Amino acid sequence: MMKAIASLVSFTLMLAAATAGAQGVKIGVVNKTRIESESVQAVRALDAMKKEFEPRERQIVELQKQIKADQDRFEKGKTTMPAAELKALGTSIASRMRESDKMVYGLTSDIEQRRKERAAKMFEEASAAIKSIAEQGKYDLIVHEAAFARPGVDITNQVLKEMARRAGN
């Protein structure tokens, strides 16, 4: 019985010490999804990527339109075109379809690579902004994701403002 009482007292003292120590902890939470979509850096990166890849996208779309037109011509000409011309058109369509597939794959790979590069750079910029806010606000802990956080501990708006300031806006 004495052991049980000693354990209970010990547990109560540990709980009281933990509660007392936790009262001075300042915690902040950052919504990573908002940083990735709303930050000045994210908007600029998206615009830059659109400008960078738009010509290639247009080129692919144009090629696919040509392929579609030739496919329609092939279907309509099955009964009226000479066999040699029909075969040449079919070969041309197949070749351009392979070319289109390669172009789409290359574009997709390049977009994904660029997205990863820009995400890494934005993460570095966000981390610098978060560190600055942590030091200025005397935060003990700032987390990127939480299962639950009260609005009072969400510092995402502060991070977005700091990132905009650092970007020159």
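What follows draws every value from the coordinates through simple rules; no lab data is involved. All of these numbers come straight from a predicted model, not from anything done at the bench. We place every Cβ from the backbone using ideal geometry, glycine too, and count neighbours over all the protein chains shown.
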Using the per-residue mean of other Cβ atoms lying within 10 Å as a proxy for protection, in what order, highest first, do the peptides 131-138, 118-125 fall?
118-125, 131-138
If you bin every alpha carbon distance in the range 31-99 into 10 Å steps from zero, what whole percent lands in each bin?
18, 28, 18, 15, 13, 7, 1
Roughly what angle does helix 40-77 make with the longest principal axis of the chain, taking Cα atoms, 0 to 90 degrees, to the nearest 10?
30
To the nearest 10 degrees, how steep is helix 2-22 against the longest Cα principal axis of the chain, on a 0 to 90 scale?
60
In a shell of Cβ-Cβ distance under 15 Å around residue 82, excluding residue 82 itself, what net charge do Lys and Arg (+1) and Asp and Glu (-1) give?
+3
Normalised by the residues of the range 49-169, what does the relative contact order come to in percent, with Cα pairs under 8 Å and at least six apart?
25
Trypsin sites (Lys or Arg not before Pro) restricted to DSSP loop in the range 38-108 with at most 16 other C-beta within 10 Å
78
Label-point gap, in nm, between residue 83 and residue 103 - each point 7 angstrom along Cα→Cβ:
3.3
Could you tell me the center-to-center distance, by alpha carbons, between the range 82-144 and the range 45-77 in angstrom?
18
I want the local charge near residue 49. Using Cβ-Cβ distances under 15 Å, sum +1 for each Lys or Arg and -1 for each Asp or Glu among the other residues.
+2
Rounded to the nearest 10 degrees, the helix 83-137 long axis (Cα) sits at an angle to the longest Cα principal axis of the chain of 20
For residue 26, counting only aspartates and glutamates whose alpha-carbon sits under 17 Å away and dropping same-chain residues fewer than eight positions off, the answer is 135, 140, 145, 154
For the range 66-169: Kirkwood Rh in Å [reciprocal of mean 1/r, alpha carbons]:
18.9
